[in-house]
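The values are calculated or read from the model by the stated rules, or taken from the named source; none is laboratory data. Quick caveat: nothing in here was measured; it's all calculated off a predicted structure. Neighbour counts run over all protein chains shown; Cβ positions are idealised from the backbone, glycine included.
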């Protein structure tokens with residue numbers, strides 16, 4: 001049936017159609033070109049975060065392409081032993097030196113904290129491929145050290161860092177993996193936010209942890225936040241269910257995305273998980 005409305009109605013209809021077309025065309029273009037700035041939010045190292053604790057070693061690791069990654073290694077309390085090691089991968093807006101204050105919780109463990117490219121004092125620009133390659137370089141550097149037990153390395157990833165930790169677990173032998181507010185994939189998270197956009201065709205950094213989980217048999221601890229408005233706990237649950245190795249699920253019902261680390265049970269859960277990874 002032909003359109004028979006008034007000229008004003010026709011103009012309104014055409015205007016609305018143009019607006020919809022513009023939105024459909026502009027939003028995908030914006031997401032494609034702005035995705036690096038939406039996914040990665042590099043943070044500088046604040047002057048008051050420079051560690052002054054005795055025994056903390058500043059480290060510099062060269063990535064395969066020559067980029068210099070900088071951070072710290074906090075050795076285990078018992079010097080002269082090959083200690084188990086926890087490698088931490090932070091969120092997309094996280095400079096990792098804050099975790100130096102938590103190092104005393106892991107007296108038997110050494111702690112490796114190295115900032116992503118462009119974060120802290122690390123060089124370069126972040127990207128999925130780059131962060132994945134850097135994680136392998138960090139593992140290889142750490143396990144070649146005489147003070148690290150190469151058979152007792154655990155990766156801990158928070159938010160974006162969960163994708164990096166899962167990739168490392170799929171490529172290197174780990175004694176365990178701790179994932180805090182993780183996702184199944186960045187693609188799935190973005191698709192839920194923009195259901196009308198073909199995210200899968202646009203995203204250059206999919207961080208598809210779900211595709212890797214079924215092949216990883218390292219023990220897993222998943223910590224989810226029940227009121228997470230950034231990564232809904234359903235996304236974490238989907239990854240957790242696909243994990244091939246032994247696993248423990250811990251959800252804090254009243255915590256949001258950034259509040260999980262402040263929950264009273266957060267550190268005790270991690271401490272118990274690490275204690276079970278090392279045989280005296």
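Odds and ends about this structure:
- For the range 242-269, the set of residues classified as under 24 Å from residue 175 (Cα atoms) and in contact with a helix residue (DSSP H, G or I) (Cβ under 8 Å, 6 or more places away or on another chain) consists of 242, 243, 244, 247, 248, 249, 250, 251, 260, 266, 267, listed by residue number.
- The one condition in (1) in contact with a helix residue (DSSP H, G or I) (Cβ under 8 Å, 6 or more places away or on another chain); (2) part of a helix (DSSP H, G or I) that residue 222 fails to fulfil: (2)
- Just one of the numbered conditions (1) buried (at least 21 other Cβ atoms within 10 Å of the Cβ); (2) part of a loop (DSSP other than H, G, I, E, B) is not true of residue 208: (1).
- Whichever residue in the range 51-78 is without any contact (Cβ under 8 Å) to a residue 12 or more places away in the chain and more than 25 Å from residue 127 (Cβ to Cβ) and, among such residues, is surrounded by the most Cβ atoms within 10 Å (Cβ to Cβ): 52
- Residues satisfying the stated conditions in the range 105-120, i.e. surrounded by fewer than 17 Cβ atoms within 10 Å (Cβ to Cβ) and assigned to a helix (DSSP H, G or I): 105
- Considered as a group, the residues in the range 29-50 that are assigned to a loop (DSSP other than H, G, I, E, B) and under 20 Å from the mean Cα position of the chain (by Cα) include one that is surrounded by the fewest Cβ atoms within 10 Å (Cβ to Cβ), and that residue is 44.
- Filtered residues of the range 138-170 (kept if in a strand (DSSP E or B) and within 15 Å of the chain's Cα centre (by Cα)): 154, 155, 156, 157, 158
- Test: residue in the range 121-134 that is surrounded by 24 or more Cβ atoms within 10 Å (Cβ to Cβ) and assigned to a helix (DSSP H, G or I): yes
- Residues of the range 219-231 classified as farther than 25 Å from residue 276 by Cα, without any contact (Cβ under 8 Å) to a residue 60 or more places away in the chain and either surrounded by fewer than 18 Cβ atoms within 10 Å (Cβ to Cβ) or in contact with a strand residue (DSSP E or B) (Cβ under 7 Å, 6 or more places away or on another chain) (or both), total: 3
- Residues in the range 171-186 that are surrounded by fewer than 18 Cβ atoms within 10 Å (Cβ to Cβ) and in a helix (DSSP H, G or I): 171 alone.
- Sole residue being over 20 Å from residue 135 (Cβ atoms), in a loop (DSSP other than H, G, I, E, B) and at pLDDT 80 or above, chosen from 93, 102, 76, 54: 76
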